[in-house]
Structures are given as C-alpha cells and as structure tokens.
1. Counting only helical runs of four or more DSSP H residues, what would the 222 nm mean residue ellipticity of the chain come to if each run contributes -39,500 (n - 2.57) and the total is spread over all its residues?
2. Which one, PHE129, PHE22, PHE151, has the greatest fluctuation when you compute a Gaussian network model over the chain with C-alpha springs under 10 angstrom?
3. Taking +1 at the Cβ of each Lys and Arg and -1 at the Cβ of each Asp and Glu, which of ILE115, SER132, PRO48 sits farthest along the dipole of the chain towards its positive end, judged by Cα position relative to the Cα centre?
4. Quick one, which of [x] 201, 45, 20; [y] 59, 37, 33; [z] 85, 36, 32 is the actual Cα extents along the principal axes in Å calculated for this model?
5. Calculate the dipole size of segment 2-155 relative to its Cα centre from +1 charges on Lys and Arg beta carbons and -1 charges on Asp and Glu beta carbons; express the result in debye to the nearest 20.
6. Could you work out how far apart the two model spin labels at PHE151 and ALA8 are, taking each label as a point 7 Å from the Cα in the direction of the beta carbon, and quote it in nm?
7. If I model a spin label as a point 7 Å beyond the Cα along the Cα-Cβ vector, how far apart are those points for GLU158 and GLN28 in nm?
8. Please name which of TRP141, TYR25, LEU99 has its Cα lying farthest along the dipole of the chain towards the positive end, using unit charges on Cβ (Lys, Arg +1; Asp, Glu -1) and the Cα centre as origin.
Amino acid sequence: MLLIRPAAVSDVPLLLRFSREFAEYERQPDAVVITEETLTRDGFGPQPKFRSLMAEWDGEAIGYALFFGIYSSLKGSGIFLEDLFVREAFRGRGIGRALLSAVARIAREEGSYGIRWEVLDWNESAIKFYRSLGCEFFDEWRQVLLQADAFHRLADGETLRNPPAPKQWRPHSR
C-alpha cells in the first residue's frame, strides 16, 4: 500500500541516500556534496528552504519529492520541484505520479500558478510521462548556473577579463 507523507527531520539520512541514488541515476555520482547537517538546517530549521514528501510502499521508503517556493514577476508564486525520485524496483506503479500529484495539491492550496522543474534531455521515459500530464517544455530557454570561483568573484565585485570557453553543463532533472 502506498503512503505519501511529509518528510520529518528523522528522514534526513534517507533524503541524503535518495539524493545519492538520484545523482547515480542522472549519471552524476559525484555531484552530491550536501551533508545531513545542511539538510537538517535547510529543511527542518527555523526558516526552511525546502520541503519534502516521502513515498512509502508497505512501510518501506521508496521515493521522494523535494520542492520549494519560487516567484515569477509575470505569474506570482509557484513551486519548483527540485527532485522527483522513485527507486527503480518501484517505478511503473504510479508512485512518481502520486508524489507529483501531492506536490500539485500543495501548490494549489497555496495559490501557486503551477510547478516548474527540469528534466535531462536523455530521460525519454520522464519526458513522455510529463507530456502525458500536459506539461509545457521550454526548449528555447537556456539554464544558467553561477557557482564555485565565478560565483565568489562576482560576489566580491571582481570582473573576469578573459572568460573561459563555455563548458558543457548538464543540469539535474528537476
């Protein structure tokens, strides 16, 4: 029997494990640098930066959704779905849809215009699933990420006279 429930602070080790499994699935096994302490602070501290739902099948944790609020100057408040993950042995049973449906209910109850997320271009099964839900794809938009040294240089007010050649970056499917 499927149960979708809000994550609790006691789920933090499991959230980290799922993040690692998700990174493996996305072919980015070394991408996870977050710690349990950071997840605890950011998800369950006095000013949570994210929320999460856990999926359980007969008492076994098998998937999760991690999301947070966003704001559009054109549409107002929405939700960004950072992670939607179901362990491989449990895929094809409607669990991902149930998680996404639960996030959609939360978004609607909060007056959000909708839910945004990303999907890797090679993840054809996810793309097909999202199309079946009536999702819109914005192929003309480019993902932009500022991190590491470039992030710190900009924060420090430094300029980059000779920027490096563009690097092929692959976003997570959120």
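Derivation of every value follows stated rules applied to the coordinates shown; laboratory data play no part. Predicted model only: the values in this text are computed from it and were never measured. Because the Cβ atoms are built from the backbone with ideal geometry, glycine has one as well, and the counts that use them run over all protein chains shown.
1. -9500 deg cm²/dmol
2. Maximum fluctuation in the GNM of the chain, among the listed residues, is at PHE151.
3. So the residue we want is SER132.
4. Matching the structure shown: [y].
5. It comes to approximately 420 debye.
6. For the pair PHE151/ALA8, the computed spacing is 3.2 nm.
7. Between GLU158 and GLN28, the label points sit 2.5 nm apart.
8. It is TRP141, whose Cα lies furthest towards the positive end.
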